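Nothing in this text is a laboratory measurement; each read-out follows from the coordinates by a stated rule. On a predicted model such as this, the values are computed, not experimentally measured, just so you know. When we count neighbours, we look across all protein chains shown, and the Cβ atoms used for this are built from the backbone with ideal geometry, even at glycine.
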Amino acid sequence: MKKFWRIVVLLFFTVGVLTSCTTYNSRSQNDTKLLIEYALYDFPFPKTSSIVENETVILGAGERWSGKVRFLDTKTPPELLKFYAEVVPASGWEMKSSTVSSSIFLVFSRDNRVATVEINRMSFLESMNPISPRTTSVSVSVNYVDTIGGKKSPQPSTVNN
């Protein structure tokens, strides 16, 4: 009887640990999505996306953010192309160019920033979870026009005469 209770306690402990891990991962992903929605509110992302946190860098917030966000989505590249072609211009970004081949590249501009969207279908072996359906990798990079080698915008003077 004592052995039975040890097995039951061990089983409950194992189930508890595994459940808390999946809850933590889900909560972490939701928290990250919330932060990205807050910081990057002017550039829409699909609600179905799963952010790859260790490949995401954000500098600034709101209309002053730049950086790179990488996420995975179960939508196909054509579905994501349609999303970006319809939703992003509706939020104030203008599509400047697009290239559709084995990868999809979209370039948008707004004010003094340029956003580049790269959409790639991942192979079965590249997928993060081999049990789940194939995913699509999306990288969104946003930079200021004058970041590298461009014409510098005038800086306001802070010296008082």
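Per-residue Karplus couplings for region 66-80, computed as 6.51 cos²θ - 1.76 cosθ + 1.60 with θ equal to phi - 60°, are listed in order as 8, x, 9, 10, 10, 9, 10, 9, 7, 5, 7, x, x, 5, 5 Hz, Gly and Pro entered as x. Highest-first packing order for the peptide set 45-54, 134-143 is 134-143, 45-54, based on the mean count of other beta carbon atoms within 10 Å. Taking Lys and Arg as +1 and Asp and Glu as -1, the other residues whose beta-carbon sits under 15 Å from that of Leu80 total +2.
Rounded, prolate or oblate: pick one for region 45-95, where a ≥ b ≥ c are the square roots of the eigenvalues of its C-alpha gyration tensor, a/c under 1.5 means rounded, and failing that, prolate if a/b is larger than b/c, else oblate. Judged from the Cα gyration tensor, region 45-95 comes out oblate (a/c at least 1.5, b/c at or above a/b).
Residues in region 53-59 carry Karplus couplings, in order, of 4, 6, 10, 10, 9, 10, 10 Hz; the curve used is 6.51 cos²θ - 1.76 cosθ + 1.60 with θ = phi - 60°, and Gly or Pro positions show x.
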